[in-house]
Amino acid sequence: KGFHNRLYSLLEKFLLTQIKYDSEITVSRDFMKIPNKNNNVRYIPTGFDGNKYFNVKRSPVKNSILFVGRLHKQKALKELILGVSRVRKKIPNIILNIVGEGTEKEMLESLVKSKGLGKSVFFKGKMLAKDLEIEYSAADLFILPSHFEGSPITLFEAWACGIPVVVNNVGEMAYMIEDGKNGYLLPNNRPSSIAKTLSLVLKDAKENQVGLEGKKAAKKYTWERMAQEVHEIYLEVIK
């Protein structure tokens, strides 16, 4: 299995960087740093359906934090729960709502129980869009502390709802977030850093303005906007 994965990676890298194309599109700015025979590589991130979220009316519950995604090691949920455990000592009414399903659910539920967080951390399971809109509307803060990410759709959705976002300084999120302006960047996703950042953000007087700036930023990542950019590249190629 390991050999086949390495072989696949080598083949993929060859196809993407050693063959000449009329134009090449990537969803990762980091890909543009890799040596490539193509000089015409264009960055167009993954888009999202903003129509469902731009009109969500917010009625946030004070000190409620929302995570949406797979319950997988990549998402650093163990670190997040441990961080929330630390914050609760200063902010006793902090709430973490976790939306999603995954392989780590049982372990995470055990962690919540062992830390006595049964009244602070809630597992909401997988949700359809209509129910998810309710979770977004009630969130005081959205968090994505992942170890690695591309262009996460849940970030765009939270932005579109006007929720202040806290994300780890990795992948495309490192480029998209202007710390303290349209969101907040974690210096790393260790529990101590998560706790310190959450404590500061939940007391930040600029929090609502940061959420509004995020709402503006989300408009750059709609499917309509991305499709238009791809269409323009196609027109350039066929000329």
Seminar exercise, completed: Applied in sequence order to region 20-33, the curve 6.51 cos²θ - 1.76 cosθ + 1.60 (Karplus, θ = phi - 60°) yields integer Hz couplings, x standing for Gly and Pro, of 7, 10, 5, 7, 9, 10, 10, 9, 10, 5, 5, 4, 6, 8
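In what sequence, largest accessible area first, do 34, 238, 177 appear using a 1.4 Å probe?
Working: 34 65, 238 135, 177 10 Å².
The ranking, largest first, comes out as 238, 34, 177.
Within 15 Å, Cβ to Cβ, of residue 208, how many net charges do the neighbouring residues add up to if Lys/Arg are +1 and Asp/Glu are -1? Before the final figure, lay out the partial values.
Values: positive: 57, 58, 62, 181, 203, 206, 215, 216; negative: 140, 204, 207, 213.
With Lys, Arg at +1 and Asp, Glu at -1, the net is +4.
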Exercise. Between (1) 37; (2) 46; (3) 34, which matches percent of Cα pairs over 28 Å apart calculated for the structure shown?
Worked result: (1)
For this session: Go ahead and collect, in residue order, the members of region 64-80 whose backbone nitrogen is under 17 Å from a label point 7 Å along the Cα-Cβ direction of residue 204.
Result: 64-67
Problem set entry | Portion, in percent, of the accessible area of region 1-129 that falls on carbon or sulfur, probe 1.4 Å | 56
Exercise. Roughly how much of residue 32 is accessible, in Å² to the nearest 10, using a 1.4 Å probe?
Worked result: 90
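Report in % the part of the accessible area of region 169-239 that belongs to carbon and sulfur, leaving out ligands and nucleic acids; probe 1.4 Å.
Using a 1.4 Å probe with all protein chains present, region 169-239 comes out at 56 percent carbon and sulfur.
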Exercise. Taking one equal scatterer on every alpha-carbon of region 194-239, how large is log10 of I(q)/I(0) by Debye at q = 0.16, 0.22, 0.26 1/Å?
Worked result: -0.62, -0.79, -0.90
For this session: Decide, for region 43-126, between rounded, prolate and oblate: order the square roots of the alpha carbon gyration tensor eigenvalues as a ≥ b ≥ c, take rounded if a/c falls under 1.5, and otherwise choose prolate if a/b is larger than b/c, else oblate.
Result: oblate
Problem set entry | For the chain, accessible area per residue (1.4 Å probe, heavy atoms of protein chains only), Å² | 55
For this session: Compute the length gained on full extension between residue 33 and residue 192: take 0.36 nm times their separation in residues and subtract their Cα-Cα distance, giving the result in nm to one decimal.
Result: 54.1 nm
For this session: Amide H neighbours of residue 183 under 5 Å, at least 5 residues apart or on other chains, H built in the peptide plane: list them.
Result: 178
Problem set entry | ³J(HN,Hα) computed for each position of region 195-208 - Karplus, 6.51 cos²θ - 1.76 cosθ + 1.60, integer Hz, glycine/proline x | 4, 5, 5, 4, 4, 5, 5, 5, 9, 6, 5, 8, 3, 5
Seminar exercise, completed: Surrounding charge for residue 98, neighbours by C-beta under 12 angstrom, Lys/Arg +1, Asp/Glu -1, total +2
Seminar exercise, completed: Scalar couplings 3J(HN,Hα) for region 96-107 by Karplus 6.51 cos²θ - 1.76 cosθ + 1.60 (θ = phi - 60°), nearest whole Hz, x for Gly and Pro, are 10, 9, 10, 9, x, 10, x, 5, 9, 4, 4, 5
Exercise. Between the DSSP loop rule and a limit of at most 10 other Cβ atoms within 10 Å, which trypsin sites (Lys or Arg not before Pro) in region 1-110 are left?
Worked result: 1, 20, 57, 62, 89
Exercise. Taking region 1-92, which chymotrypsin sites (Phe, Trp or Tyr not before Pro) meet the DSSP loop condition and have no more than 11 other C-beta atoms within 10 Å?
Worked result: none
Exercise. Length gain on complete extension for the stretch residue 169 to residue 15, per 0.36 nm per residue less the alpha carbon to alpha carbon distance?
Worked result: 52.5 nm
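The values are calculated or read from the model by the stated rules, or taken from the named source; none is laboratory data. These figures come from a predicted structure and were not determined experimentally. Ideal geometry is used to build each Cβ from the backbone, glycine not excepted, and the neighbour counts take in all protein chains shown. Note: areas computed on protein heavy atoms with side chains; ligands, DNA, RNA excluded. Shrake-Rupley method; radii C 1.70, N 1.55, O 1.52, S 1.80 Å.
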